[in-house]
1. What translational diffusion coefficient, in µm²/s and rounded to a whole number, does the Stokes-Einstein relation yield for region 218-285 at 4 °C and a viscosity of 1.567 mPa s, taking the hydrodynamic radius as the Kirkwood radius over Cα pairs?
2. Within 10 Å, count the other beta carbons around each residue, average over each peptide in 284-296, 118-130, 264-276, and list them highest first.
3. How large is the accessible surface per residue of region 131-176, computed with a 1.4 Å probe and reported in Å² as a whole number?
4. With each label point set 7 Å from Cα along the Cα-Cβ vector, what nm distance links Glu255 and Arg228?
5. Expected output is a single nm value to one decimal: the length gained when fully extending between Ser160 and Arg192, i.e. 0.36 nm times separation in residues minus the C-alpha distance. What is it?
Amino acid sequence: MAHDHFRVVFDGPAVEDGEMDVGQLASSLLALGKLIENADAIRTGEPGRVKVRVRADVKRGSFDVGIALHWIDEFKDAALAWAMTSEGAGTLALLGLLGFNLKDITIAGGKGVIQVIRWLQGRDIRQRIDLRDGNTRLIVEDGDFVEINSSVARMIEEPSIRQPLERFTEPLREDGVDRIRFEDHAGHVVERIEASEADAFTAVTRSAPSSSDTFRATYQIKRLFFERGRKWRLSNGAQTIQAIIEDEKFWTRVESSEVSFAKDDYLVCTVRMDQWLTPGGLRSEYVIERVEQHIPAPKQTSFSGI
């Protein structure tokens, strides 16, 4: 087998001791393997050419996983022939198309799947134009456009790419993982996805939700951010949700230092729950429409002089 490898590093408070929830890690890495295998099948029209294997290497402050791509023997000659094309060399070209590693790879617009999805920011693609040079121009709803490799253009709208990419980035939507880094060798970062970007990588389009429900509830703050657009982690004792706060008056008070918050404080708020039916099942998203009351966490009473 011909093979090459790169590294995936999960950073954040949840992995500070070099540990990571095994279910979360397994699901993410299985999705990454499927993503790479599906991308190669789309690019070449020949499924089963590449298999993805894991080499674990735990370091304090992160969870570092080596990803080895093994080219099946019967496809080795084809992989080597691909290495002679203008797009780059075998495995590196595939990783470049996905956007994991753009170093020394000539790709139209300098964008792989990751970079194009980041550029889209959830905007709908309204028109695709195949160009004479073999690349593709994508035009989005506001008239903005980008010219990219035609294989990348196919991949970003393929459920077989978008769904495993969403599952791979799922740790970024949970508490404690701040970013996923990609390295072509230890310590040399070639790309990263931040937690603040995670929603851009969901497979859900901007279609209207299948249902919406608005209700009033009290939540305890489990994790908070003072950057707009970041999801707060909130718990009502029975359920933990992640929600964006859209209340403009709330943000005005926060940004003018009229109010301060701490972990375990409470919010009484008006919440909207939107749901979509997706190929992967039901997806729910939460939005805090209005923060009605902030209740500081009760302080433990100290007893003295008894």
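The values are calculated or read from the model by the stated rules, or taken from the named source; none is laboratory data. Just so you know, these numbers come straight off a predicted model, no measurement behind them. For neighbour counting, all protein chains shown are included, and Cβ atoms are generated from backbone atoms with ideal geometry for every residue, glycine included. Accessible surface areas use protein heavy atoms only, side chains included; no ligands, DNA or RNA. Shrake-Rupley method; radii C 1.70, N 1.55, O 1.52, S 1.80 Å.
1. D, rounded to a whole number, is 98 µm²/s.
2. By packing density, highest mean first, the sequence is 264-276, 284-296, 118-130.
3. For region 131-176, the solvent-accessible area averages 42 Å² per residue.
4. 0.5 nm
5. Residue separation times 0.36 nm, minus the Cα-Cα distance, leaves 9.4 nm.
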